[in-house]
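The values are calculated or read from the model by the stated rules, or taken from the named source; none is laboratory data. On a predicted model such as this, the values are computed, not experimentally measured, just so you know. Backbone-built Cβ (ideal geometry, glycine too); neighbour counts: all protein chains shown.
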Ligand SMILES: Nc1ncnc2c1ncn2[C@@H]1O[C@H](COP(=O)(O)OP(=O)(O)OP(=O)(O)O)[C@@H](O)[C@H]1O
Ligand SMILES: [Mg+2]
């Protein structure tokens with residue numbers, strides 16, 4: 001009876017002090033919301049990214065001018081790095097001895113692709129590739145074929161397109177053999193990529209691949225004329241030596257002095273995964289710190305509410321003490337009340353957090369069909385625990401005040 | 001007289017108000033035995049409530065000794081006092097002091113909750129107590145659904161549900177009309193005849209007349225302590 005009674009008193013208190021309690025409950029809600037939503041979205045994405053990177057193939061190394069995911073790196077230094085030119089990349093490919101699986105590519109975002117009267121949104125990635133691209137990256141052609149070496153050398157106007165582009169331009173019809181136009185240049189469609197979802201909300205099917213020589217001629221400007229080099233080691237065993245050789249060759253080509261750092265970025269798949277988790281944990285830390293901050297602020301609000309509650313019920317406390325309630329009974333009663341308040345706020349935040357992270361997942365699923373919602377059970381449990389801790393932590397002082405009231409003064413209180 | 005329930009000697013209660021001192025009690029010596037029926041009378045400010053609070057273990061004296069069923073109350077801490085109040089003392093207040101959101105039954109159960117009694121037994125005892133005060137048909141009513149007299153009956157049921165050694169009532173009829181007041185006094189009379197020890201504070205001679213012994217206070221001292229010649233027969 002007593003615990004239930006305390007819970008119903010807490011709910012009554014919320015009703016009778018609507019504004020103040022809804023603000024307090026709101027800030028608990030926000031705290032729990034921040035924690036739940038960020039954790040849930042991040043674990044959903046993490047799951048997707050892990051899947052995608054595994055897809056990118058084992059034992060591969062990526063060489064770029066600047067890192068893919070940039071978090072807290074020195075931008076001034078990055079900007080000073082010279083481009084990795086196509087010529088330099090070709091020299092690199094020729095000098096490498098431990099592996100022949102080397103592909104040079106470059107990517108430029110936001111193109112509109114046309115075919116007849118149809119056109120795509122202006123958000124298609126255009127990627128210049130060479131004939132090794134599909135051997136090095138674990139991206140596969142669904143229909144048609146890839147480029148052969150001579151097509152790359154001779155600037156053949158041919159394209160391999162993603163399924164999003166096929167849908168936009170040709171609907172359900174076949175795209176092979178059709179002609180598409182990219183900024184006034186016409187291309188024959190010779191292949192279609194296998195659909196593969198997306199990473200971080202960016203579809204990997206909304207892209208067009210053309211020979212890098214054509215790409216370099218028509219679609220690069222000074223600032224993005226740096227190419228990416230993908231290197232696939234022959235096996236896990238040779239990954240390290242290939243990595244070391246790649247570093248050595250690049251340093252030589254780019255004249256890095258022995259005492260200077262690399263002026264390019266070289267990473268294995270594992271390292272890129274690591275970068276993502278570094279990025280996501282930084283985001284999580286920010287969300288958790290602000291969430292916990294909101295919870296502490298809410299805790300002070302709870303304490304205030306409880307002090308008001310103790311004052312308003314001074315007489316009742318006096319009666320309870322006269323009837324023989326020991327200190328710990330009174331403490332218990334008020335703690336149950338403040339925990340209930342916290343859980344009420346926490347519940348709203350939890351529902352909001354789970355709902356919105358589910359909604360975000362649904363939206364991202366538009367571009368990442370492989371995404372599945374990850375229910376953050378651990379965090380749900382954590383929120384319940386933290387709400388209890390806050391209820392106890394900030395309810396203890398008011399509860400103690402109530403328990404140590406002088407019974408006579410409390411009974412006389414008007 | 002058998003083993004006395006209350007033995008107080010030279011009881012003094014001093015309140016400090018800033019640099020002024022108020023002596024609410026200035027040396028009260030008194031013994032009350034089992035199954036007595038005592039009325040405390042005296043002018044306003046004479047120390048009646050202070051003495052009742054002391055007897056009820058709600059307050060501790062500034063000096064003097066208080067033995068409750070032979071135990072020294074002055075040495076006890078808050079939780080010990082709470083336990084004595086729970087086990088041995090039933091309070092009836094002028095303003096009833098029922099919990100507004102609890103039903104009559106829940107109000108009467110409350111002291112049993114604090115003594116740790118199991119739920120079923122609690123319900124049974126509380127039902128018995130309410131039946132005894134004639135409220136068997138009002139158990140699920142909240143205080144605001146009851147008349148003043150009925151509220152005071154609930155309070156009396158709550159006071160006697162633990163079978164305490166004494167029932168203390170500070171002006172129990174003060175907020176009731178005289179007819180309802182007389183009904184309540186008849187109830188106290190029944191409790192006393194049933195073996196309870198009853199001590200009550202009152203201003204009214206009509207009320208005090210029900211008691212067997214009348215103690216009059218003045219300025220924190222006992223002025224007179226005599227058997228009530230008008231008391232109805234036991
Ligand atoms: N907490 C307190 N602080 C200071 N003085 C107090 C306190 N409680 C009681 N007194 C003083 O002690 C004296 C006795 O008070 P008490 O309440 O016992 O009187 P009473 O006989 O019950 O009066 P009444 O018939 O009006 O209820 C009074 O002078 C009162 O002002
Ligand atoms: Mg009084």
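With the structure loaded, tell me whether residue A:388 is surrounded by fewer than 23 Cβ atoms within 10 Å (Cβ to Cβ), within 14 Å of chain B (Cβ to nearest Cβ) and farther than 16 Å from residue A:37 by Cβ or whether it fails that test. Full working, then the answer.
Working: surrounded by fewer than 23 Cβ atoms within 10 Å (Cβ to Cβ): yes; within 14 Å of chain B (Cβ to nearest Cβ): no; farther than 16 Å from residue A:37 by Cβ: yes.
No.
Looking at residue B:57 and the list (1) more than 19 Å from the chain's Cα centre (by Cα); (2) more than 30 Å from residue B:230 (Cβ to Cβ), which single condition is not satisfied?
Here residue B:57 meets the rest and fails (1).
Give segment B:137-151 a look and list any residue that's more than 14 Å from every other protein chain (Cβ to nearest Cβ) and either under 20 Å from residue B:90 (Cα atoms) or buried (at least 18 other Cβ atoms within 10 Å of the Cβ) (or both), or say none.
Within segment B:137-151, B:138, B:139, B:146, B:148, B:149, B:150 meet the criteria.
Show me the strands (runs of 3 or more DSSP E) entirely contained within segment B:32-100 in which 1 or more residues are more than 16 Å from ligand 2 (Cβ to nearest atom), facing another protein chain (nearest Cβ under 9 Å) and buried (at least 18 other Cβ atoms within 10 Å of the Cβ).
B:89-92
Working carefully through the options B:216, B:186, B:122, B:158, find the one that is away from ligand 1 (no atom under 16 Å from the Cβ) and either at pLDDT 95 or above or not in a helix (DSSP H, G or I) (or both).
Details: B:216 fails: away from ligand 1 (no atom under 16 Å from the Cβ); B:186 fails: either at pLDDT 95 or above or not in a helix (DSSP H, G or I) (or both); B:122 fails: either at pLDDT 95 or above or not in a helix (DSSP H, G or I) (or both).
None of the others qualify; the one that does is B:158.
Got a number for residues in segment B:101-117 being surrounded by fewer than 19 Cβ atoms within 10 Å (Cβ to Cβ) and either at the interface with chain A (Cβ under 10 Å from one of its Cβ atoms) or out of contact with any helix residue (DSSP H, G or I) (no Cβ under 9 Å at 6 or more places or on another chain) (or both)?
4
Could you please let me know if residue B:193 is surrounded by fewer than 21 Cβ atoms within 10 Å (Cβ to Cβ), within 21 Å of residue B:5 (Cβ to Cβ) and in contact with a strand residue (DSSP E or B) (Cβ under 6 Å, 6 or more places away or on another chain)?
No, not satisfied.
Among the residues in segment B:160-175, are any within 16 Å of ligand 2 (Cβ to nearest atom) and surrounded by fewer than 19 Cβ atoms within 10 Å (Cβ to Cβ)?
Yes: segment B:160-175 contains one or more residues that are within 16 Å of ligand 2 (Cβ to nearest atom) and surrounded by fewer than 19 Cβ atoms within 10 Å (Cβ to Cβ).
Determine which member of the set A:337, A:316, A:414, A:312 is within 16 Å of ligand 1 (Cβ to nearest atom), farther than 25 Å from residue A:42 by Cα and within 14 Å of another protein chain (Cβ to nearest Cβ).
The unique qualifying residue is A:414.
Which residue pairs have Cβ atoms closer than 6 Å, lie 6 or more positions apart in sequence or on different chains, and pair a first residue in segment B:114-133 that is without any contact (Cβ under 8 Å) to a residue 40 or more places away in the chain with a second residue that is not in a helix (DSSP H, G or I)?
Pairs found: B:114/A:324; B:114/A:325; B:125/B:161; B:126/B:161; B:129/B:161; B:130/B:139.
Scan segment B:189-210 residue by residue and report those that are within 15 Å of residue B:161 (Cα to Cα) and in contact with a helix residue (DSSP H, G or I) (Cβ under 8 Å, 6 or more places away or on another chain).
Scanning segment B:189-210 gives B:191, B:196, B:198.
Could you tell me whether residue A:386 is more than 30 Å from residue B:158 (Cβ to Cβ), assigned by TED's automatic domain parsing to the domain that holds residue A:19 and touching a helix residue (DSSP H, G or I) at 6+ places or on another chain (Cβ under 9 Å)? Break it down stepwise before answering.
Details: more than 30 Å from residue B:158 (Cβ to Cβ): yes; assigned by TED's automatic domain parsing to the domain that holds residue A:19: yes; touching a helix residue (DSSP H, G or I) at 6+ places or on another chain (Cβ under 9 Å): yes.
Answer is yes for this residue.
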